[in-house]
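One structure is given below, encoded as structure tokens.
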Amino acid sequence: MGFAEQRFNVNLSILFTELPLLERPAAAAAAGFTAVELWWPWIDSPTPEQSELDALKRAIEDAGVQLTGLNFYAGRLPGPDRGALSLPGEESERFRANIDVATDFAESLGCKALNALYGNRVEGVDPAEQDALALENLVLAAQAADRIGAILLIEALNKPESPLYPLVSAPAAAGIVAKVNEATGLDNARFLMDLYHLSMNGEDLPSVIEEFASVTGHVQIADNPGRGAPGTGTLPLEELLDQLRKAGYEGHVGLEYKPGDRPSAEAFDWLPAEARAAR
């Protein structure tokens, strides 16, 4: 099959970041892509002014691209934070305040996937207390996603780069997916399979795909080492994506890699221009 058979989208929070936020959708479209995804763009505000939301909505619509994935508020990302929903106190409250804002924004653009990063462990706080809070907040997020016909994504990160994040394996993240689905009865929580993070954890990627493809709602890629474009490292990404397709995964593959020391528009030479539009 190969790369040309996949449905790619571009993560505008890691690619095209040399441009202002509102210029990135058009830049992705100019590079030949028709689908994009975003981390929560307003890292300091879970509840930005409606005018800011409207401006980003217009930029996406004017560019003619589809928003296919959006993170809930996750604290300072990029930065030291890895989510807010398991952090007691103000950050958990900020996450809850963001749930309807992010969901309504996603609905306004037909986006059907919302990613909820779990959050780091907090020194002096019982992990069981954090896990209980996380489940409460994930249930609220899953219910909000269900309201707009969307799925809730739960992601495994990698331990070397996120040492305080508790979900650093495919089984750990998939276990939370199962708990959320059991708690809500909605069955709309899914695993976000980021092949870069899983490879950094030393997981056997073909085995992960075999075991967890059926509960996977979204896939993201970057090569390893370096988190660069496919072909800059040693991961057999084309083969792995073929395996995912054969296992039944038909969703988008998010390009969540660093462009390196070149403009983002030049970081797609591994993918023929005719294969960039999502089908």
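Results, tabulated for the structure shown:
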| quantity | calculated |
| --- | --- |
| Segment ARG121-LEU186, extension gain: residue separation times 0.36 nm, minus the distance between their alpha carbons | 20.7 nm |
| Helical contribution to [θ] at 222 nm, DSSP H n ≥ 4, -39,500 (n - 2.57), averaged over the chain, rounded to 500 | -11000 deg cm²/dmol |
| FRET efficiency for ALA277 and SER214, using Cβ-Cβ distance with R0 set to 25 Å, rounded to 0.05 | 0.35 |
| Region 1-98 pair-distance distribution - Cα-Cα, 10 Å bins, rounded % | 15, 42, 30, 11, 1 |
| Spin-label pair GLU129/ALA4, simplified geometry with 7 Å Cα→Cβ offset, distance in nm | 5.7 nm |
| Note, ³J(HN,Hα) from phi for region 179-195, Karplus 6.51, -1.76, 1.60, rounded to Hz, x at Gly and Pro | 5, 5, 5, 5, 6, 8, x, 8, 6, 10, 8, 9, 7, 9, 8, 9, 5 |
| Gap separating the Cα centres of region 68-97 and region 118-189, nearest whole Å | 12 Å |
| Where labels lie 7 Å past Cα in the beta-carbon direction, separation of GLU90 and ASP261 in nm | 3.9 nm |
| Taking the convex hull of Cα positions in region 195-279, its mean projected area over all directions (nm²) | 5.6 nm² |
| Accessible-area order (highest first, 1.4 angstrom probe) of the listed residues SER45, SER86, SER207 | SER207, SER45, SER86 |
| Relative contact order, percent, region 110-192 [alpha-carbon distance under 8 Å, six or more residues apart] | 36 percent |
| 1.4 Å probe accessible area per residue over the chain, in Å² | 41 Å² |
| Proximal lysines relative to LYS112, as straight alpha-carbon distance under 17 Å, when same-chain residues fewer than 8 apart are discounted | LYS57 |
| Region 168-272, accessible surface, carbon-and-sulfur percent (1.4 angstrom probe) | 48 percent |
| GNM flexibility winner over the chain from ALA265, ALA84, ALA222 (Cα, springs under 10 Å) | ALA265 |
| Paired Rg and Dmax values of region 86-191, which use every Cα atom, in angstrom | 13.4, 41 |
| Relative packing of peptides 189-200, 105-116 - highest average C-beta neighbours within 10 Å first | 189-200, 105-116 |
| Size-normalised alpha-carbon gyration radius of region 126-259, reference 2.2 N^0.38 Å | 1.06 |
| Lysines whose Cα lies under 22 Å from that of LYS258, excluding same-chain neighbours fewer than 8 positions away | LYS159 |
| Apportionment of accessible area to carbon and sulfur, region 1-133, percent (1.4 Å) | 49 percent |
| Whole-number percent relative contact order across the chain, with pairs defined as alpha carbons under 8 Å at least 6 apart | 21 percent |
| Built amide H within the under 5 Å cut-off of ILE151, gap 5+ | ALA113, LEU114 |
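The values are calculated or read from the model by the stated rules, or taken from the named source; none is laboratory data. The shown structure was predicted, so the numbers you read here are calculated from the model rather than taken from an experiment. Don't worry about glycine lacking a Cβ; one is built from the backbone with ideal geometry, like all the others, and counts go over all protein chains shown. Only protein heavy atoms, including side chains, enter the accessible area calculation; ligands, DNA and RNA are left aside. Shrake-Rupley method; radii C 1.70, N 1.55, O 1.52, S 1.80 Å.
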